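In what follows, a single structure is set out as C-alpha cells and then discussed.
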Amino acid sequence: MAFGPRFLLPLFLLLMPLASAVAQHQLQLDVASFRSADVAVRGGVVEIYATVSGKRLTYQRRGPKMFQAGATVLLEAVRPDGTAAYQETVTLRPPVLRDTTAAIKNPISFQKRITLPEGRYVLRGQLRDQYRATNTDIVEQPLVLEFTSPKPALSDLVLLSKPASRSAVEANNFIRNGLSLTRAPGGLYARGMEKLYFYAELYNAAAGQPLVVRYRLRAPKAAKDAVTGQGAIQGAQGKPTVLTGDLDLSKVPAGEYMLTVEVRNAKNQMLSTQTTTVRRNPADYAPAGAVMPQ
C-alpha cells in the first residue's frame, strides 16, 4: 500500500513530541574544572555535579502509601585511547512518596570531586533505573584540562542558587577556598530565584594587583545586555584569586542567556574571560539541593 504526503504529514506531526521526549536526558552533568592546589601535581580538580530527574524513574511500593525509586549513576573519565582514568558508581535513593501520581517528583543531585592529570577526556555518565532495566540514559561531554600557562586565566564558572558563604563545616565536596557553594543545576533559575550568583577562580594574578571584574547576561541573538554587574578585587598571594558576584533576575524574562565574566587590569586591558549558559524559567520549579551520595 502506498502512503502519500497527506498521510505522512500528520504522522510526522504526531512523532515530533515523541522524538523530543526521547532526546531529553534524564541525567544532567554540570562540570567545572579548577587548577590543583597541589603544586607538585600537574593536573586539575574536576567537580562533577550530577542531577537525575525523578519524573521518569520507577517507584516501588515500600509499605502502605510508601513508594520509592532507585537508580545508579556510573561516572567515567575516558582517555582518548578508550581507557578510564576515573570510574565510580553512585547509588541514589530519592525521597519516599506517598502518592506516585504527584505532579512534582523532585530531582536528586550529588557532587563528586576528582583529580585528573592534564589532558583531554570524555566525561561519561550512565544512568540505570534499578526497577526497570530498559530505563537507561547515557550523557557524554568533552573535558580538557590545561593549566600550564603563566598568564592570568579564569577557571570554569560555577552558577549558584545561593551566595557563596563562609562555612565552619569540615571540608567536603561543596566547599572551595572556605566558601560553601550551592549549585544551580543546569544553570536553571526558576520560580522564586530572583538572583543569579556565580563563583570562579583566577590563576596567576600578581599579588595585590588591582583588578576589575565585569559580568553581563545577554540572550544569544540580542544586541543589548539584559543585566550587568561590576566589582573590584585584588590579586591574592600564594593562592587563587576568588571571584564572586550576583545579578538581579527579577526583570529578566524567560529564555536562554550567556553569562560572560571578564577580568581587567587597571588599564582596562582584558586579562581573562569566561562564559557559561544560563536558563531563566520563572514558571518552573528548581531542583532540590544536592545530597551526599551513598
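Just so it is clear, none of the values below were taken in a lab; they were calculated from the coordinates. These numbers were taken from a predicted model, which means no experiment stands behind them. No Cβ is skipped: glycine too gets one built from the backbone with ideal geometry, and neighbour counts run over all protein chains shown.
If the chain between Q230 and Q24 were fully stretched, how many nm would it gain, using 0.36 nm times the residue separation less the Cα-Cα distance?
Values: separation 206, 0.36 × 206 = 74.16 nm, distance 3.57 nm.
Extra length available between Q230 and Q24 comes to 70.6 nm.
Please list the non-local residues whose amide H lies under 5 Å from the amide H of K195, H modeled 1.01 Å from N, same-chain partners needing a gap of 5 or more.
L249
Which of the lysines could be linked to K105 by a straight reach, that is with a Cα gap under 18 Å, when you skip same-chain ones fewer than 8 residues away?
Output for K105: K55, K65.
What aspartates and glutamates could a cross-link reach from K251, if we take a straight Cα to Cα line under 14 Å and drop same-chain neighbours fewer than 8 places away?
List returned: E194, D225.
Rank G178, T136, L159 by how far each Cα sits towards the positive end of the charge dipole of region 123-229 (+1 on Lys, Arg Cβ; -1 on Asp, Glu Cβ) and give me just the farthest.
In region 123-229, that residue is L159.
Would you mind getting me the FRET efficiency between T100 and A133? Use the beta-carbon distance for r and R0 = 22 Å, nearest 0.05.
Details: r = 19 Å, r/R0 = 0.87.
Efficiency, rounded to the nearest 0.05: 0.70.
Convert each backbone phi in region 215-224 into a coupling constant with the Karplus relation 6.51 cos²θ - 1.76 cosθ + 1.60 (shift: θ = phi - 60°), then list the ³J(HN,Hα) values in order as whole Hz, x for Gly and Pro.
9, 8, 10, 9, 5, x, 10, 7, 8, 10
For region 22-148, with only Lys/Arg (+1) and Asp/Glu (-1) charged at the beta-carbon, what is the dipole magnitude about the Cα centre, in debye rounded to 20?
Details: 17 positive and 12 negative charges, 153 e Å.
The dipole magnitude comes to about 740 debye.
Return the subset of K151/K239; K239/K267; K221/K267 for which the Cα-Cα distance in this structure is over 21 Å, preserving the input order.
Values: K151/K239 15 Å; K239/K267 24 Å; K221/K267 30 Å.
Over 21 Å Cα-Cα: K239/K267; K221/K267.
Go ahead and estimate [θ] at 222 nm for the chain from helices alone: -39,500 (n - 2.57) per DSSP H run with n ≥ 4, summed, over the residue count, rounded to 500. Don't skip to the end; give the middle numbers.
Details: 1 runs with 19 residues, N = 294.
Per the formula, -2000 deg cm²/dmol.
Principal axes first, then extents: for the Cα atoms of region 22-148, list largest minus smallest coordinate on each axis, whole Å, largest first.
Principal axes ranked by extent give 57, 27, 20 Å for the Cα atoms.
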